[in-house]
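The values are calculated or read from the model by the stated rules, or taken from the named source; none is laboratory data. Source: prediction; values computed, not measured. Glycine also receives a Cβ, built like all others from the backbone with ideal geometry; neighbour counts cover every protein chain displayed. Heavy atoms of the whole protein, side chains included, go into the accessibility calculation; ligands, DNA and RNA do not. Shrake-Rupley method; radii C 1.70, N 1.55, O 1.52, S 1.80 Å.
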Amino acid sequence: LFDPIFTNAAPLPFLVPRFQEPVISLEELPPIDVIVISHDHYDHLNKFTIDFFIRTKTRFLVPLGVSSHLIGWGVPQNRIIEHDWWDTTKISDVEFHCTPSQHFSGRLGPRGNKTLWASWSVVGEQQRIFFSGDSGYDIHFQDIGKRFGPFDVAFMESGQYNPIWYMSHMFPEEAVRGAIELNAKYIHPIHWGMFRLSTHDWFDPPLRIRSAAGDDISVLFPKIGQEVILSEFVPDVEPWWEKLKNSP
């Protein structure tokens with residue numbers, strides 16, 4: 001699991017409500033071998049969710065400093081591996097590479113930017129995936145693509161954008177450009193459908209992603225909760241989110 005969150009995205013639940021409930025409960029999940037964390041913001045590192053996995057055998061891969069939160073919540077230290085950018089952990093036959101992103105970190109209180117933020121490049125025997133975490137657009141996508149590409153799919157942050165904070169979040173067009181520079185076969189837009197953290201419409205990111213991608217890269221746009229086997233997936237050309245524009 002990457003940045004799992006099964007509740008709201010703020011220290012006070014009413015501040016950032018979800019658009020919809022999780023499509024599966026924590027109790028319904030199969031055994032989880034690894035949880036990968038990109039950074040410690042509330043919409044990526046969720047104490048309620050982490051608490052559930054304390055009693056399991058799940059291992060945690062995190063950027064530098066993020067272990068301080070997990071240890072404080074009761075996760076055994078021997079199940080946590082911290083990473084600087086370009087560090088690698090191999091579990092079974094899967095390599096987890098901690099790669100750069102352009103963002104910031106910090107939770108409630110004055111101690112901001114004391115922990116590292118990251119993207120992740122996951123290299124298996126047959127497939128490679130990229131997870132952007134939160135990031136503004138910059139040259140790191142080219143660097144990561146040269147080191148670990150081509151990727152079968154790039155999960156690209158493409159929501160919560162605003163000109164005021166353009167350095168730390170990507171506009172949809174930048175997410176497409178980054179996925180192309182990663183040399184990804186598919187772009188899978190993320191970070192747009194769960195919480196309202198900016199001022200754009202809920203359905204603005206998918207519309208702009210589809211437009212920007214054109215014929216340059218294929219877009220992986222499953223419905224929320226839809227299970228996907230990448231080698232068998234046939235993209236649905238119907239913009240399913242259009243039906244939800246006027247939903248309550």
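Would the stretch 198-210 turn up any residue that is closer than 23 Å to Pro4 by Cβ and part of a loop (DSSP other than H, G, I, E, B)? Yes: the stretch 198-210 contains one or more residues that are closer than 23 Å to Pro4 by Cβ and part of a loop (DSSP other than H, G, I, E, B). Taking first residues from the stretch 29-57 that are at positive phi and free of Cβ contacts under 8 Å to residues at least 12 places away in the same chain and partners that are β-branched (Val, Ile, Thr) and open to solvent by less than 10 Å² (accessible area, probe 1.4 Å), no Cβ contact under 6 Å between residues at least 6 apart in sequence or on separate chains turns up. Quick check on the stretch 129-140. Is at least one of its residues farther than 19 Å from Leu230 by Cβ and among the hydroxyl-bearing types (Ser, Thr, Tyr)? Yes, the stretch 129-140 has at least one match. In a residue-by-residue description of the stretch 45-61, the property of being out of contact with any Lys or Arg (no Cβ under 6 Å at 6 or more places or on another chain), within 28 Å of Tyr166 (Cα to Cα) and exposed (fewer than 14 other Cβ atoms within 10 Å of the Cβ) applies to no position.
Please go through the stretch 134-190 and pick out each residue that is hydrophobic (A, V, I, L, M, F, W, C), open to solvent by 20 Å² or more (accessible area, probe 1.4 Å), in contact (Cβ under 8 Å) with a residue 12 or more places away in the chain and in a loop (DSSP other than H, G, I, E, B). Correct list: Met167, Phe171.
I'd like the residue in the stretch 215-234 that is part of a loop (DSSP other than H, G, I, E, B) and open to solvent by less than 60 Å² (accessible area, probe 1.4 Å) and, out of all such residues, is modelled with the highest pLDDT.
Taking the candidates together, the pick is Ile217.
Restricting attention to the stretch 108-133, the residues being out of contact with any Gly (no Cβ under 9 Å at 6 or more places or on another chain), assigned to a loop (DSSP other than H, G, I, E, B) and of a type in the set (A, V, I, L, M) number 1.
If the requirement is being out of contact with any helix residue (DSSP H, G or I) (no Cβ under 9 Å at 6 or more places or on another chain), outside any helix (DSSP H, G or I), of a type in the set (A, V, I, L, M, F, W, C) and touching a residue at least 24 places away in the same chain (Cβ under 8 Å), which of these qualifies: Val23, Val62?
Criteria check complete, one pass: Val23.
Restrict the check to the stretch 89-103 and report whether at least one residue is open to solvent by less than 40 Å² (accessible area, probe 1.4 Å) and either more than 18 Å from the chain's Cα centre (by Cα) or modelled with pLDDT under 95 (or both). Yes.
Please count how many residues of the stretch 197-228 are out of contact with any helix residue (DSSP H, G or I) (no Cβ under 7 Å at 6 or more places or on another chain), among the acidic types (Asp, Glu) and closer than 25 Å to Glu181 by Cα.
2
For the stretch 196-214, the set of residues classified as among the aliphatic types (A, V, I, L, M) and open to solvent by less than 40 Å² (accessible area, probe 1.4 Å) consists of Ile209, Ala212, Ala213, listed by residue number.
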